[in-house]
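The values are calculated or read from the model by the stated rules, or taken from the named source; none is laboratory data. Computed from a predicted structure; not experimentally measured. Because the Cβ atoms are built from the backbone with ideal geometry, glycine has one as well, and the counts that use them run over all protein chains shown. The accessibility values were calculated without ligands, DNA or RNA, using every heavy atom of the protein model including side chains. Shrake-Rupley method; radii C 1.70, N 1.55, O 1.52, S 1.80 Å.
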Amino acid sequence: MKIDEIIVYKVNMLMKNPFTTSFGTEHDRLFLLVEVKNEDGLSGWGECTASESPLYIEEFTESSWIMLNKFLIPMILKKDIEHPDEVHELFSVYKRNHLAKSAIEGAVWDLYAKSKGISLSEALGGVKSSIEVGISLGIEEDIETLLENIREKTEEGYKRIKVKIKPGKDVEVIDKVREHFPDIPLMVDANSAYTLDDIETLKKLDPYNLMMIEQPLAAGDLIDHAKLQKEIKTPICLDESIHSYDDARKAIELGSGRIINLKIGRVGGLSEVKRIHDLCVQENIAMWCGGMLESGVGRAHNIAITSLANFTLPGDTAASSRYWEKDIIEPEVTVQDGILQVPTKPGIGYDVNRDELLKHTVEVKTFR
């Protein structure tokens, strides 16, 4: 499979509702899409989930644009690729920049599956035809708005509610949530907002029967998470601390957490996700797929990877309509009673609506 042409789209889409975390509030998404074509003109699509600012990790949209255009695309253009796993190996000479690497690798995986006439799920070794999904709710200024959002989403059938927290918006908020919703599957996400000085505060979350507390401490920190996990009953889920198979292996050995949230971009692509998945199977570590406010392209990749056997907890892949007035794929991602069907069409299983994509595209670069 020769990579004959690569097109990078810089896209800006207004979000349906602002989304607030401990990092700040996002009103729109400036992100990149990568289209990879083979010699027969068949296209594969991948998404770079970097944000406009380097808050979640060190990458941001403009840095990924430079990395793709200057280093990664020239390396892979005109290459004969027998299997997408080769892309991960090719890119390993460059340090980090996982979100940019993942965008091309994901496009190659889509192209590979289409060339074989199979779904991306099947190409990855997926075994599930449907997946349970949860939803992530941002920090709200008033508790009543949050409670109404939870009520709405539980009535829609989402299988798990995730609430973002930060210092000053934590124990009191969860106390109110549990008062109104004592039995719902509930977790919290701190996005690295705490330190070990906050152990007593985090201990106060134990009585609320939470599924997990996601990434309470600094990104990349494994030792302090291990110390914290010994002090609290609530399982710690690692997110920003896991960027590779080796990170996952070390976290498991140290006891830094009991659950891993896998984000495709954060670990550099689908090939690395598969390696981490297999490790977690061996070590009996629960997994789920996190979201990065993706468009339909990135959302489709999340669906495919969640079809692997060890993604046993509901992920963050909500319906397209949760984030966008109109998505850039057809059909849009829909959720029925908290269940999402895994596409069976070749590749990601969705078609990119080029007219809709171009409405939101602010820059395009083509490599032949």
Just report the Cα centroid separation between region 140-178 and region 93-112, whole Å. 35
Return the ratio Rg/(2.2 N^0.38 Å) for region 123-207, where Rg is computed over Cα atoms only. 1.25
Of the candidates V364, L196, V335, the farthest towards the positive dipole end of the chain (Lys/Arg Cβ +1, Asp/Glu Cβ -1, centred on the Cα centre) is V364
Calculate the all-directions average of the projected area of region 1-78's alpha-carbon convex hull, and give it in nm². 5.8
Please give the per residue accessible area of region 144-275, computed with a probe of 1.4 Å over protein heavy atoms only, in Å². 40
Estimated inter-spin distance, E200 and E156, nm [label 7 Å along Cα→Cβ]: 4.0
Given only helices, namely DSSP H runs of n ≥ 4 each adding -39500 (n - 2.57), what is the per-residue ellipticity at 222 nm of the chain, to the nearest 500 deg cm²/dmol? -9500 deg cm²/dmol
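Where does the longest stretch of the chain lie that holds no GluC sites (Glu not before Pro) found in a DSSP loop with 16 or fewer other Cβ atoms within 10 Å?
No qualifying site falls inside 157-324, the longest such stretch.
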The answer for K16, listing residues at least 5 apart or on another chain whose modeled amide H is closer than 5 Å to its amide H, is W324, E325
So I have [x] 59, 42, 36; [y] 71, 48, 46; [z] 69, 51, 35, and one of them is Cα extents along the principal axes in Å calculated from this model. Which one is it? [x]
In degrees, nearest ten, helix 270-283 long axis to first principal axis of the chain (Cα): 40
Computed over the chain, the relative contact order (Cα-Cα under 8 Å, seq sep at least six) in percent reads 22
Based on alpha-carbon centroids, what's the gap between region 223-241 and region 326-368 in Å, whole number please? 36
Tell me, what ³J(HN,Hα) does each residue in region 354-368 have, in order and in whole Hz, if you take phi through Karplus 6.51 cos²θ - 1.76 cosθ + 1.60 with θ = phi - 60° and put x for Gly and Pro? 5, 4, 5, 4, 5, 4, 9, 7, 9, 7, 9, 9, 10, 10, 10
So, in region 251-368, how many Lys pairs have Cα atoms under 27 Å apart, if the pair is 8 or more places apart or on different chains? 9
Taking the Cα of L55, stepping 7 Å toward and past its beta carbon, and measuring to each backbone N in region 2-33: which are under 13 Å? 18-30
Probe radius 1.4 Å, ligands and nucleic acids ignored: give me the carbon and sulfur share of the accessible area of region 239-368 as a rounded percent. 45
Once phi is turned into ³J(HN,Hα) by the Karplus curve 6.51 cos²θ - 1.76 cosθ + 1.60 with θ = phi - 60°, what whole-Hz value does each residue of region 55-61 show in order, with x for glycine and proline? 9, 6, 9, 6, 6, 8, 3
Rounded to whole angstrom, the alpha-carbon centroid of region 269-310 lies from that of region 1-40 at a distance of 19
In degrees, nearest 10, range 0 to 90: what is the angle between the Cα axis of helix 245-254 and the longest Cα principal axis of the chain? 20
Per residue of region 220-227, in order, report the coupling 6.51 cos²θ - 1.76 cosθ + 1.60 (Karplus, θ = phi - 60°) as ³J(HN,Hα) in whole Hz, putting x for Gly and Pro. x, 7, 9, 5, 5, 5, 5, 5
